[in-house]
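Colleague: This is the structure I want to talk about, given as structure tokens.
The values are calculated or read from the model by the stated rules, or taken from the named source; none is laboratory data. If you're wondering where the values come from, they're calculated on a predicted model, not measured in any experiment. When we count neighbours, we look across all protein chains shown, and the Cβ atoms used for this are built from the backbone with ideal geometry, even at glycine.
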Amino acid sequence: MTPLTDLGLRLPEPVLDRPPGEAVPETEFIEAAMRWHFDPATGSPFWLRAAGDLGFDPRRDVHTIADLAKFPNLVDLLREVPVFDLVPRGYGPDPGIGGVFESGGTTGPPKRVVFLDDWFDWLIDYSLADLAARGSPTGVDWLAVTPSGPHMFGAFIERFVRRAGRLPFTIDLDPRWVKRVIAEGHADEADRYADHLIDQVRHVLRTQDIRVMVITPPLLERLARQDDLVELVRAKVRTVEWGGAHMDADTRSLYMTEIFPGASLYGRYGSTMILGAAVERHGLTADDPCVFDPPSPYITFSVVDPETLRPVEYGASGQVVMSHVSRSALLPNNLERDLATRVEPLPGSAQVGDSVADVRPVPVFGGETVVEGVY
Amino acid sequence: MTGPSGAGANPPATASRAATASGVNTATGTGTSTGKGPSTGPATASAGRAAPAGVTPGTAVRPDPLKLDALGPNGPFRSRERLTISDVAGAPMAELSLVPRLFVHRAMAALRKAETMPAEERLAALARAAEAFEHGAPAGIPTDEYTHLVSRMSGMPISVVRSAARGIARSVAGAGHDAGCARPMAAVESWRDPATREGRAVWTRRAEVFAVHAAGNHPGVHSLWPEALALGYRVAVRPSRREPLTPYRLITALRDAGFGDDQVVLLPTDRTVADDILRAADLSMAYGGDEVVHKYAHDGTVLPQGPGRSKILVSGGDWRPHLDMIVDSVADEGGTACVNTTAVYVEGDPTPLAEALAERLAAIPSLPPEDEGAVLPTQPVQTARAVEKYLLDHAGDATPRLGGDGIVDPLPGGGAVLRPAVFQVDRPDAPQTGIELGFPCVWVAPWSAKDGAGPLRDTLVLTAITEDARLVDRLVDDPSISNVYLGDHPTYWMRPDVPHDSYLGEFLMRTKAVIRD
């Protein structure tokens with residue numbers, strides 16, 4: 001599956017083009033990626049411009065995943081940069097655009113990335129293999145209750161179902177509007193919007209043979225408030241995949257043991273800034289921590305102390321640093337706002353970097369700073 | 001430990017003022033922190049206690065922290081997400097299970113689905129629960145141990161906790177009668193009443209599910225909501241992180257006494273989920289500060305329980321015969337209640353009264369909360385410093401008569417006593433008179449007849465020493481004054497059958513017409 005240019009020429013650095021499941025030597029891969037992204041003939045205008053300010057030469061100084069920590073976190077620039085500048089010029093004039101996607105926009109204007117077809121295909125092949133290994137049904141109808149529009153999650157699922165399933169049912173879901181009305185103090189309006197979404201979910205579930213449902217945790221929780229919807233899901237849905245937000249361990253356990261004990265429930269921990277996601281480790285029970293193993297070396301995690309940025313011990317909690325390295329994109333060393341427990345990769349796996357568990361937002365217990373009054 | 005000290009002889013604290021913004025009503029107030037427990041899954045144990053009984057009063061450390069499970073519609077639930085509740089010295093005392101939003105909504109849905117128990121069964125169960133709460137060992141915690149734990153956890157003097165526990169028991173036992181005080185004279189209790197044959201108003205519930213955002217300043221907060229159970233509501237209580245033990249033990253007693261798990265639930269939650277409980281309930285009651293009052297001011301389904309800003313007016317003659325009442329109004333209940341006096345208005349020069357008040361309050365000893373003689377509240381040192389900083393930052397041009405150098409008195413065993421403060425302001429409308437803090441802290445202001453009722457408004461309880469019947473008319477008529485006590489009655493006086501924020505039944509009930517053949 002080595003990409004060909006529009007002239008039919010093979011691209012350099014073939015180690016960047018291995019299919020999912022095939023071993024990738026870490027150093028060889030990273031060095032090839034650095035050559036590709038920082039060679040003036042093949043790199044993207046974005047990285048070639050940034051290279052002069054790095055203070056190091058990635059082609060000389062970056063050899064391993066751990067070396068990615070040398071890069072500054074440049075993701076904030078993705079809010080403003082003309083997004084075609086992110087595409088490596090080595091692809092030629094017709095790189096095969098899979099889509100332009102935007103981050104949620106929680107922390108300011110959204111950040112944009114470009115998916116090229118070769119990476120999209122890789123990610124779908126990877127996810128197909130994962131689905132098969134999970135024993136999830138194939139050739140069935142899916143319902144995606146996921147952010148639509150410029151958001152990666154919905155677009156990915158829709159494209160994935162074309163390969164993995166039969167019919168992809170979707171609904172329109174604009175998470176930025178929800179965030180905005182909540183920020184403006186209109187929780188009631190957010191409730192109305194959620195009801196509007198759930199009504200659409202009900203209509204699909206009632207009339208169609210949905211076997212796989214992909215949904216965000218907040219909407220799954222809203223769905224679970226309605227007895228009729230719980231019954232519909234129990235009757236029809238074999239696999240519930242969640243992603244796009246956090247799910248705490250108690251909630252996950254309630255789904256697995258009380259609410260949807262007959263379905264297979266698993267999570268996907270992703271980010272637009274890594275052009276993909278890590279999926280939940282197979283075979284976990286409600287009492288196990290929810291562990292996510294990233295597809296390294298393309299997507300890697302490290303869990304660090306937010307003060308020192310040094311890795312915490314296995315089993316300890318820290319902030320998640322994410323990196324994406326592929327032929328189509330380079331987004332190294334992005335400190336996310338999530339907290340997670342650092343977990344060792346599965347024994348025997350070739351994974352580089354950390355797995356993560358108990359992914360969660362910074363806890364909100366404070367904020368009640370009022371001293372006055374007796375209550 | 002600081003012993004009794006004369007006026008001005010007890011500068012409690014000169015050490016650094018902590019910059020923390022934690023307040024008296026925050027989790028930091030009890031040194032809480034979050035932690036992941038082992039993955040135990042839902043608990044099956046019905047009792048939260050993890051250590052044998054017989055903790056000697058005075059000892060602060062238990063071998064194992066109490067496990068305070070959520071009390072859900074399917075029984076106790078021990079979550080993975082837990083909050084450590086510490087005593088005032090910072091020693092962990094309990095692990096409170098916090099439930100996620102999913103659990104909250106399922107619990108609220110279960111309350112909504114549940115059938116109300118028949119009235120006579122409810123009243124009998126309330127009576128049994130009251131007996132157990134006062135004399136038994138609900139959740140495996142005998143009363144003596146319970147009161148000791150609460151005093152260590154909340155910093156409330158143990159004598160106040162004991163009296164509050166008796167008060168709760170009385171209120172629970174009398175919940176049916178007390179709730180009935182709100183029934184309009186023309187209405188009957190049941191459609192079966194023969195009077196309905198001629199056509200009558202029948203007193204009925206406005207709704208089915210009632211929620212409470214409780215406070216942790218005083219256990220007595222939990223003496224009111226049992227009236228909702230008596231009236232047939234299903235009830236959800238979100239406990240305060242400062243002192244969740246009282247509602248845990250009370251709801252356990254109610255369940256032991258016959259209330260089903262789907263009749264009354266305890267839902268400890270993270271702050272982000274708290275509003276879900278209110279939104280999922282039909283009607284609710286929320287304790288809090290001004291921000292809570294403002295938030296729900298226009299929401300007819302939420303009854304806010306805000307600051308008390310209770311006041312005393314001494315007009316005309318001599319204040320001296322009333323000094324005991326004034327001192328008690330400020331300092332009784334550890335000064336932590338909404339019915340404690342926040343401001344005293346005195347006709348003429350307020351200086352002698354302020355000085356006499358300061359002298360009396362200064363003589364109160366600093367003692368750890370579990371000491372039989374304790375009168376003043378204790379808090380973790382950091383919280384106490386934050387309160388002190390708030391007071392001194394906001395005292396402005398007021399003249400300190402006590403506590404001007406600080407009010408924090410660290411105890412040798414950990415924690416710090418909040419010592420009384422007396423400040424004098426020079427005009428009745430001084431803004432400081434509205435500053436209500438969770439310890440004996442009082443603002444003394446001048447008042448004259450020409451000032452009238454104005455400065456006395458926005459008050460939970462006003463005790464007025466006055467002969468002016470026209471002034472009394474205005475005070476009783478004023479919608480912003482909730483209760484008026486005339487003469488030598490402390491502001492904290494209350495009796496279950498006399499409302500203090502109106503009868504709860506006025507909020508929970510309505511009348512409907514019934515006529516039958």
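Colleague: Looking only at region B:270-285, decide whether some residue is buried (at least 24 other Cβ atoms within 10 Å of the Cβ), under 19 Å from the mean Cα position of the chain (by Cα), assigned by TED's automatic domain parsing to the domain that holds residue B:115 and assigned to a strand (DSSP E or B).
Modeller: Yes, there is a match, as at least one residue in region B:270-285 is buried (at least 24 other Cβ atoms within 10 Å of the Cβ), under 19 Å from the mean Cα position of the chain (by Cα), assigned by TED's automatic domain parsing to the domain that holds residue B:115 and assigned to a strand (DSSP E or B).
Colleague: I've got another one for you. Kindly indicate whether residue A:270 is part of a strand (DSSP E or B) and either of a type in the set (Asp, Glu) or closer than 28 Å to residue A:89 by Cα (or both).
Modeller: yes
Colleague: Residue A:273: touching a Lys or Arg at 6+ places or on another chain (Cβ under 9 Å) and either facing chain B (nearest Cβ under 10 Å) or of a type in the set (A, V, I, L, M, F, W, C) (or both), yes or no?
Modeller: It is true that residue A:273 is touching a Lys or Arg at 6+ places or on another chain (Cβ under 9 Å) and either facing chain B (nearest Cβ under 10 Å) or of a type in the set (A, V, I, L, M, F, W, C) (or both).
Colleague: Which of the numbered conditions does residue B:343 fail, given that it passes all the others? Conditions: (1) within 30 Å of residue B:99 (Cα to Cα); (2) within 14 Å of chain A (Cβ to nearest Cβ); (3) in contact with a Lys or Arg (Cβ under 8 Å, 6 or more places away or on another chain).
Modeller: Condition not satisfied by residue B:343: (1).
Colleague: Let me ask something additional. Considering only strands (runs of 3 or more DSSP E) fully contained in region B:69-144, which possess at least 2 residues that are free of Cβ contacts under 8 Å to residues at least 40 places away in the same chain?
Modeller: Answer list for region B:69-144: B:75-77.
Colleague: Filter region A:167-192 for residues that are among the small types (Gly, Ala, Ser) and more than 19 Å from residue A:111 (Cβ to Cβ) and give the result.
Modeller: Scanning region A:167-192 gives A:185, A:187, A:190.
Colleague: Taking residue B:425, is it farther than 23 Å from residue B:360 by Cβ, out of contact with any Asp or Glu (no Cβ under 6 Å at 6 or more places or on another chain) and outside the structural domain of residue B:176 (by TED's automatic domain parsing)?
Modeller: In short, no.
Colleague: Would you call residue A:48 part of a loop (DSSP other than H, G, I, E, B) and crowded, with 16+ Cβ neighbours inside 10 Å?
Modeller: Answer is no for this residue.
Colleague: Say whether the condition of being part of a strand (DSSP E or B), free of Cβ contacts under 8 Å to residues at least 24 places away in the same chain and either within 18 Å of residue A:244 (Cβ to Cβ) or within 14 Å of chain B (Cβ to nearest Cβ) (or both) is met by at least one residue in region A:282-305.
Modeller: no
Colleague: Still on this structure: Run residue B:453 past the list (1) more than 14 Å from chain A (Cβ to nearest Cβ); (2) touching a helix residue (DSSP H, G or I) at 6+ places or on another chain (Cβ under 6 Å); (3) touching a residue at least 40 places away in the same chain (Cβ under 8 Å) and report the number of the one that doesn't hold.
Modeller: All conditions pass for residue B:453, except number (3).
Colleague: For region B:157-192, give me each residue that is over 26 Å from residue B:257 (Cα atoms), surrounded by fewer than 16 Cβ atoms within 10 Å (Cβ to Cβ) and touching a strand residue (DSSP E or B) at 6+ places or on another chain (Cβ under 7 Å).
Modeller: B:184, B:186, B:191
Colleague: Tell me the helices (runs of 4 or more DSSP H) entirely within region B:290-399 that contain at least 2 residues that are among the polar types (S, T, N, Q). Spell out the reasoning first.
Modeller: Numbers: elements: B:290-296, B:323-331, B:351-362, B:381-394.
Fully inside region B:290-399 and qualifying: B:381-394.
Colleague: Looking at B:256, B:328 in this structure, which one is closer than 23 Å to residue B:174 by Cβ and more than 11 Å from chain A (Cβ to nearest Cβ)?
Modeller: Result: B:256 is the single residue among B:256, B:328 that is closer than 23 Å to residue B:174 by Cβ and more than 11 Å from chain A (Cβ to nearest Cβ).
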